[in-house]
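What follows is calculated from the coordinates using simple rules that are stated; it is not laboratory data. Predicted, not measured: the structure shown is a model, and the values here were computed from it. Note that each Cβ is placed from the backbone with ideal geometry, even for glycine, and that neighbours are counted across all protein chains shown.
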Amino acid sequence: MLVCIDCAYGDFNLFIFMTTKTNTHTDWNLLKLGTVISLEYGKPLLNSKRKLDGKYPVYGANGEKMRTDEYYYDKKSIIVGRKGSAGELNLTTERFWPLDVTYYVTFENKKCNLMFLYELLHTLKLPKLATGVKPGLNRNEVYSIEVKIPALPEQKCIVEVLETWDEYIEKLEKIIRLKKKTKKYLMQKLLSRKLRPNNFSGEWEYIRLSNIAKTSSGGTPKSTNEKYYQNGKIPWLKSGEIRKGRINFFKNYITEEGLKNSSAKLFPMSTILIAMYGVTAGQIGFLQKEAATNQAICGILPNSKYDSTYLYYFFLTQTDKLLKMGSGAAQPNISQEIIKDYDVFIPESIPEQTAIAAILTTADKEIEALEKKKALVEQQKKFLLNNLITGKIRLPEFTK
């Protein structure tokens, strides 16, 4: 069967034909991993020898930690977590010092391309082999894993295909970072009146929030009463679920009975949500559909006196100030009174508010579209990785 994978976005096009084979891949060697590689123990390194500005990377179970002027292994290698982050993988193409909580890979023979092996190891899910209270990876268990390995030319071609997807993912990541940086700049300028949309010249003012908006907090139906939750249709948010951004996905739901028998309220679409307590205190959300919340969330209700989307973007820039105004020993607490008394900087003209909101919304939509595209390409890369590495899909030049 011929499989066509088409990935065409803008100025970047990927078009690859592959075939699936249902035979046993007699041209692939079935080998135990221990006949292909050797996992060598890393070495301890005194903290006094680690440097911020050293020449060579130091690798631990979580990846690069520091640098040193000494090196222990001077070839390209794969670092495998032995303790702590057991089974986690890192790749290095320069001289390095592997710490004693890691293994590093050396080749027993010329059977494997380094990048092919790196991708192959990712499919083996090595962290699942870790055992013990402090998870550790036994190299003998890794050695016993059976793998099918094609000849070096096919390995190289497989790696080239996967690297093409990696390059595009990297390109998307760079574009996303640039778009986010641009949006941050626009927010800083537009919300401070340093940059204004065309044709607007009216006054701006600092105004207390309570003068233009009403606020309210939510509530929690009694958790021991199943009737308040079972088969519920009303979205219900906890403060820990408030993150910067538009909210249109909900994990929890309550029933009409739960809503009526608690202090929970149904907030309308375009309500601005501010988490008041806990680790997410100060985080801002923007409801994209009706939902209720618990008592640790303050809702700023929409009305005709202001543009809700503008105010949402304004409060996104105010998290640090809100937290400084909060109180609490271990974690800051922001009261509803603090939010009511907060001074917002806002154009007197609602059309200007709307114009600013539209510019920032467009920037958000562009970022969201790019992130969805990146997620799709990552799924494609994962599909290719799992199928090319195992031979379920073959490149056409190796199926004759």
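Find how many whole Å separate the alpha carbon centroid of the stretch 342-400 from the alpha carbon centroid of the stretch 273-287.
Between the Cα centres of the stretch 273-287 and the stretch 342-400 lies a distance of 24 Å.
Specify the inter-centroid distance of the stretch 61-102 and the stretch 185-216, based on alpha-carbon positions, in whole Å.
The two parts, judged by their Cα centres, are 51 Å apart.
Can you return the lysines within cross-link range of residue 222? Criterion is Cα-Cα under 16 Å, with same-chain partners fewer than 8 residues away left out.
Partners within reach: 238, 260, 265.
Rounded to the nearest 20 debye, what is the charge dipole size of the stretch 38-151 about its Cα centre when +1 sits on each Lys and Arg Cβ and -1 on each Asp and Glu Cβ?
That gives the stretch 38-151 a dipole magnitude of about 120 debye.
Run the simple label-point estimate for residue 317 and residue 250 please: 7 Å along Cα→C-beta, distance reported in nm.
3.2
Would you mind checking the pairs 83/125; 171/392; 180/244 and listing those with alpha carbons more than 18 angstrom apart?
Violating the 18 Å limit, Cα to Cα: 171/392.
Would you work out the charge dipole size for the stretch 228-280 about its Cα centre, treating the Cβ of every Lys and Arg as +1 and the Cβ of every Asp and Glu as -1, and quote it to the nearest 20 debye?
Around 200 debye, computed over the stretch 228-280.
Please tell me the relative contact order of the chain in percent, rounded to the nearest whole number, where contacts are Cα pairs under 8 Å and at least six residues apart.
Contact order relative to length: 16 percent.
When only C-alpha pairs under 8 Å and at least 6 residues apart count, what is the relative contact order of the stretch 90-226, in percent?
This gives 17 percent for the stretch 90-226.
Starting from the Cα of residue 93, step 7 Å along the direction of its Cβ; do the same at residue 375; then give the gap between the two resulting points in nm.
Result for the modelled spin labels: 3.1 nm.
Could you pull out every residue, at least 5 positions away or on a different chain, whose amide H is within less than 5 Å of the one on residue 237? Hs are placed 1.01 Å off N in the peptide plane, and Pro or chain starts have none.
So residue 237 has HN proximity to 292, 293, 294.
For the chain, build the charge dipole from Cβ charges (+1 Lys, Arg; -1 Asp, Glu) around the Cα centre, then report which of 149, 197, 281 sits farthest towards its positive end.
So the residue furthest toward the plus end is 281.
For residue 366 and residue 192 in one chain, what is 0.36 nm times their gap in residues minus the Cα-Cα distance, to one decimal in nm?
That pair, residue 366 and residue 192, stretches by 60.4 nm at full extension.
Could I have the simple spin-label model distance between residue 55 and residue 164, label points 7 Å from Cα toward Cβ, reported in nm to one decimal?
3.9
Using Cα-Cα distances under 8 Å and only pairs 6 or more residues apart, what relative contact order does the stretch 245-344 have, in percent?
RCO, the stretch 245-344: 28 percent.
Calculated FRET efficiency, residue 263 and residue 359, Cβ-Cβ r, R0 41 Å, to nearest 0.05?
It comes out at approximately 0.65.
If you count, for each residue, the other Cβ atoms within 10 Å and average over each peptide, how do 228-236, 289-297 line up from highest to lowest?
Averaged packing, sorted descending, gives the order 289-297, 228-236.
Would you mind working out the magnitude of the charge dipole of the chain relative to its Cα centre, with +1 at each Lys and Arg C-beta and -1 at each Asp and Glu C-beta, to the nearest 20 Debye?
Its charge dipole is roughly 460 debye.
So if R0 is 22 Å, what FRET efficiency would residue 336 and residue 231 give, r being the distance between their Cβ atoms, rounded to the nearest 0.05?
Efficiency for this residue pair is about 0.10.
Ranking 112, 157, 298 by Cβ neighbours within 10 Å, fewest first, what do you get?
The fewest-first ordering by Cβ neighbours comes to 157, 112, 298.
How much length would be gained if the chain were fully extended between residue 211 and residue 182, taking 0.36 nm per residue of separation minus their Cα-Cα distance, in nm to one decimal?
So the chain would gain 7.2 nm between residue 211 and residue 182.
For the stretch 203-347, what does the alpha-carbon gyration tensor say about shape, rounded, prolate or oblate, given a ≥ b ≥ c as the root eigenvalues, a/c under 1.5 as rounded, and a/b over b/c as prolate?
Taking the square roots of the gyration eigenvalues as a ≥ b ≥ c, the stretch 203-347 is prolate.
Here are a few candidate values for Cα Rg over 2.2 N^0.38 Å: (1) 1.04; (2) 1.29; (3) 0.99. Which one was actually calculated from the structure I just gave you?
(2)
Is it possible to state the helix-based mean residue ellipticity at 222 nm for the chain, with each DSSP H run of 4+ residues giving -39500 (n - 2.57), the sum divided by total residues, to the nearest 500 deg cm²/dmol? What is it?
-9500 deg cm²/dmol
Can you list the aspartates and glutamates whose alpha carbon is less than 17 Å from that of residue 324, not counting same-chain residues fewer than 8 positions off?
Filter leaves 337, 341, 343.
Sequence neighbours fewer than 8 away in the same chain don't count; with that in mind, list the lysines whose C-alpha is under 18 Å from residue 305.
Within the straight-line cut-off, residue 305 pairs with 214, 340.
Are there trypsin sites (Lys or Arg not before Pro) in the stretch 89-177 that DSSP marks as loop and that have at most 12 other Cβ atoms within 10 Å, and which are they?
Sites meeting the loop and neighbour criteria: 110, 125.
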